[in-house]
Each structure stands twice: as structure tokens, then as C-alpha cells.
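The values are calculated or read from the model by the stated rules, or taken from the named source; none is laboratory data. Everything numeric in this text was worked out from a predicted model, so none of it was measured. All Cβ positions, glycine included, derive from the backbone under ideal geometry; neighbour counts span all protein chains shown. Only protein heavy atoms, including side chains, enter the accessible area calculation; ligands, DNA and RNA are left aside. Shrake-Rupley method; radii C 1.70, N 1.55, O 1.52, S 1.80 Å.
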Amino acid sequence: MFRKLILSTAAVAALSAPVFAADLPVRAPAPAPIYSAPIFTWTGFYVGLNAGASWQNTRWTNVGGVGPVSDRGPGDVFSAKNSGFIGGAHAGYNWQMGGLVIGLEGTLQGTTAKSSTLSTFGVGDDVYKTRYGAIGTVAARVGYAFDRTLLYVKGGYAGAEVKTSITDVIGPSVGAGSHSDWRSGYVLGAGLEYAFTRNWIAGVEYNYIDLGSKTRSIVMNGGADIIDDRIRARMQSVTARLTYKFGGYDTPVVAKY
């Protein structure tokens with residue numbers, strides 16, 4: 001009797017097992033993580049090349065001197081304008097905070113622009129020449145980024161080697177002299193850049209450089225003639241830029257569940 005009871009209980013349990021199993025909750029598999037699109041950032045070091053056109057304006061103001069070479073008297077003023085190719089390299093670092101982008105950049109350029117101007121004073125035989133050597137800037141940049149497009153302004157230090165000379169080619173007194181020095185001033189500019197890949201950036205930039213006014217004495221004929229001029233040097237340029245930015249995107253965001 002007892003044996004029959006045990007066998008009956010076991011049979012009922014076996015038949016009921018599928019019913020209870022069907023009532024147990026089933027755990028669904030976890031959803032796969034969702035990755036957002038990579039986020040472009042302007043933050044990082046960059047280097048590049050630039051090339052374009054420049055325009056120079058040099059103003060000569062006579063403040064005195066001795067000897068018969070100069071046909072100008074104190075206070076006589078004239079300007080020499082010229083234009084040419086400008087090109088060089090740039091490097092810097094940007095920090096992006098939301099849409100705001102700030103940075104620091106240095107440039108080193110050279111230009112073919114030079115002037116050779118015939119003075120209109122006296123008999124008009126004095127030839128005044130101006131030529132720029134190396135041109136360097138260190139400037140802060142502040143801009144706003146619209147994703148891969150950046151609009152910015154810049155301002156800071158500018159310096160350049162300025163070479164000037166005077167030649168008197170018609171007698172009775174003739175002669176020639178020159179002077180070269182490093183001028184320091186400021187640069188103001190603005191630009192537009194577009195990142196067409198995560199590392200390569202194309203842009204265009206305008207710069208205004210003012211190297212101030214300095215009085216320089218040009219010695220001629222072994223010191224027999226000295227011309228004292230206050231010379232103001234200014235320059236404008238428009239350049240195209242190609243830049244390589246180190247680093248890639250910001251870290252993608254992973255959705256968590």
C-alpha cells in the first residue's frame with residue numbers, strides 16, 4: 001500500500017512539472033549597447049602651411065640730417081606702397097569648450113614684396129627702397145565653432161626685419177646708404193576654417209600688421225651725408241591655409257542600461 005502511494009505521488013509530480021515550468025518568468029537578453037556618432041573636436045596641437053598675397057605701406061618722414069644728398073627738408077613726407085607673394089608656416093594649440101574655441105598660434109613667413117620709389121622732392125632723383133625679411137607673429141585666437149566650421153579673430157605680437165635704403169643717382173652729390181633692423185609691433189586678424197576630415201583643416205585668414213614708427217639714420221658717403229627719417233611700416237595679407245591637427249574625435253558616448 002505504501003509503495004503504491006509513493007508511485008502515485010511521483011507520477012503526479014512528473015505530470016505537473018511542465019505546468020509549473022511554464023509559469024516561471026523568463027529573463028530577456030540584455031539589449032546591445034548603442035554607440036553615438038563620433039564627436040569632432042577642435043582641441044589639439046596643429047601645424048600647417050599658408051600662402052597668399054601681401055600689401056605693404058611704408059611712410060618716410062624727414063626729421064633732419066646733414067649733407068647735400070637728400071632733397072627733402074624736415075617734415076617732408078611721402079609713402080611707398082608695394083605688394084607681392086607671402087607664405088610660410090604656422091603652428092598652435094586649440095582648446096574647445098562647448099562652442100567656444102580659444103588658442104595660441106605662432107607664424108613665420110617671408111614675402112617677395114618690395115618697393116622702389118622715386119622721391120618727388122627737389123630734382124626727384126632720390127630712390128627709396130623698402131624690403132621685408134622674416135615676419136613672425138605670436139597671437140591669441142578666440143572663435144566659435146559650428147561643428148566643423150570655425151570663425152575666429154586673433155591678436156598679439158608681430159615682428160619683422162625691415163630693410164631700407166636711399167640712393168642719390170644724379171649729381172652734383174651722389175651716394176647710397178642702407179639700414180636694416182628688427183621691428184616689433186602688433187597683429188590683428190580674422191579667419192574662417194573648415195575641417196574636411198578629423199585631422200585636415202582648410203581655411204582663409206586676413207591679417208593687419210603694424211610695426212610702428214622708428215627714426216633711423218642712413219649714413220652715406222662715409223658719413224659725409226646723414227639722412228634722418230622716421231619710418232612707419234605697415235602690412236596687410238590674405239592667405240589660404242592648410243593645417244594638420246593631431247588627435248581625433250572625442251570619446252564616443254555609450255548608452256548604458
Please list, in order along the range 82-97, the HN-Hα scalar couplings obtained from phi with the Karplus expression 6.51 cos²θ - 1.76 cosθ + 1.60 (θ = phi - 60°), rounded to whole Hz, x for Gly and Pro.
7, 8, x, 7, 9, x, x, 10, 9, 8, x, 9, 10, 10, 10, 10
Out of residues 5 or more away from Thr41 or on other chains, whose amide H comes under 5 Å of its own, with H placed 1.01 Å from N in the peptide plane?
Asp250
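At 1.4 Å probe radius, can you tell me the per residue accessible area of the range 155-234 in Å²?
On the way: 3530 Å² over 80 residues.
Spelled out: the 1.4 Å probe surface of the range 155-234, per residue, equals 44 Å².
Beyond a 27 Å Cα-Cα separation, which of these cross-linked pairs lie in this structure: Lys129/Lys214; Lys154/Lys245; Lys81/Lys214; Lys114/Lys214; Lys129/Lys154?
On the way: Lys129/Lys214 16 Å; Lys154/Lys245 19 Å; Lys81/Lys214 18 Å; Lys114/Lys214 19 Å; Lys129/Lys154 31 Å.
Those over the limit are Lys129/Lys154.
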Considering only the other residues whose Cβ falls under 13 Å of the Cβ of Arg230, what net charge follows from Lys and Arg at +1 and Asp and Glu at -1?
+3
For the range 89-134, the accessible surface attributable to carbon and sulfur atoms (probe 1.4 angstrom, ligands and nucleic acids excluded) amounts in percent to 65
